[in-house]
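One structure is given here, and the rest of the page talks about it.
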Amino acid sequence: MAFAHVNPTRMELTRLKKKLVTAMRGHKLLKDKRDELMRQFLEMVRENKALREKVEKGIEAANKNFLLARAFTPGAVLDTALLAPKQEITLEAGVRNVMSVELPVLKAKPRTADPNDIYSYGFAFTSGDLDAAVKSLSEVLPQMLRLAEVEKSCQLMAAEIEKTRRRVNALEHVMIPELQENIRYITMKLDENERSTQIRLMKVKDMMLEQTHHYSQKQKKTPILG
């Protein structure tokens, strides 16, 4: 019983009522936040599943093309062709705020705008399978970055959902019932004190009336000396 340490005064009652209003408003806001986080989390989970399937298919296709290229191209020629890449990718990392959660944003910027710079070799001594493998990896790179972004976002949002859920439960099952119980206790105590005060006042009034009445009777019965 939380009201054991509550001072049953009208000032405390007013303070607790204001605190209850704030707690109930906060409870509603946190529930709305939790529901919106859950909605966006489920969308991200679906996107994550689709992206992972695309990335796995792209990497599988690139691996097959590399195996074919290695089968039809001497190893020394293949190593030399891939030794000095012509294109360079710069990764920029940022954040975006979603419901007070900072989610990562990854962006890849190539050094040059020419799409053919992904091929760092001449086409005379290499097979078309190597070209297909390099192109497959180039195409799957943006999807891999987006997948990393979405997976990390899912982890962060899941942690925020759990934190928000704990806060909602604490307000709903602990703080709000405790405040309501304290308010009920103080109200009951104040009503009890008010009734006791009224009873005491009535008794005092009766005693005063009785004393006044007896005094008047004595005044009437007292003989006049003369």
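The values are calculated or read from the model by the stated rules, or taken from the named source; none is laboratory data. In this text, all values refer to a predicted model and were calculated from it rather than measured experimentally. Cβ sites come from the backbone with ideal geometry, for glycine too, and all protein chains shown count toward neighbours. Accessible surface areas use protein heavy atoms only, side chains included; no ligands, DNA or RNA. Shrake-Rupley method; radii C 1.70, N 1.55, O 1.52, S 1.80 Å.
Who wins for biggest fluctuation among Pro177, Pro115, Pro104 in a Gaussian network model of the chain, springs between alpha carbons below 10 Å?
Pro115
Give the label of the value calculated from the structure for Cα Rg over 2.2 N^0.38 Å, choosing from [x] 1.08; [y] 2.34; [z] 0.96.
Computed from these coordinates, Cα Rg over 2.2 N^0.38 Å corresponds to label [y].
Under a GNM of the chain (C-alpha, springs under 10 Å), which listed residue has the highest mean-square fluctuation: Val204, Val77, Val55?
The residue that fluctuates most here is Val204.
What's the longest piece of the chain with no exposed trypsin sites (Lys or Arg not before Pro), counting a site as exposed if DSSP puts it in a loop and it has at most 15 other beta carbons within 10 Å? Provide the component values of the computation, followed by the final result.
Numbers: sites that count: Lys86, Arg111.
Of all site-free stretches, the longest is 112-226.
Could you name the lysines in cross-link range of Lys19, using Cα to Cα under 29 Å and dropping any fewer than eight places away on the same chain?
Correct list for Lys19: Lys28, Lys31, Lys33, Lys163, Lys189.
Which residue, Gln198, Gln40, Gln211, tops the fluctuation ranking in a GNM of the chain built on C-alpha contacts under 10 Å?
For the chain, modelled as a Gaussian network with Cα springs under 10 Å, the answer is Gln211.
Around Leu130, under 13 Å between beta carbons, what's the net of Lys plus Arg minus Asp minus Glu among the other residues?
Values: positive: Lys64, Arg70, Lys135; negative: Asp79, Asp129, Asp131.
Taking every other residue near Leu130 into account, the sum is 0.
Starting from 0.36 nm per residue, how many nanometres of slack lie between Val204 and Glu102 once their C-alpha separation is accounted for? Each step should come with its number before you reach the end.
Details: separation 102, 0.36 × 102 = 36.72 nm, distance 6.90 nm.
Roughly 29.8 nm would be gained on extension.
Taking square-rooted eigenvalues a ≥ b ≥ c of the alpha carbon gyration tensor, is the range 13-108 rounded, prolate or oblate, where a/c under 1.5 means rounded and, failing that, a/b exceeding b/c means prolate?
Working: a/c = 7.60, a/b = 3.28, b/c = 2.32.
Cα axes put the range 13-108 in the prolate bin.
Could you tell me which GluC sites (Glu not before Pro) in the range 53-115 are loop residues by DSSP with no more than 12 other beta carbons within 10 angstrom of their beta carbon?
Here the sparse-neighbourhood loop sites are Glu88.
Using a 1.4 Å probe over the heavy atoms of the protein chains, calculate the carbon and sulfur portion of the accessible area of the range 87-194 as a whole percent. Write down the numbers at each step before the final one.
Values: 3490 of 6380 Å².
So the carbon and sulfur contribution to the accessible surface is 55 percent.
Would you mind working out the accessible area per residue for the chain, using a 1.4 Å probe, and quoting it in Å²? The partial results should precede the final answer.
Values: 16080 Å² over 226 residues.
So the chain comes to 71 Å² accessible per residue, rounded to a whole number.
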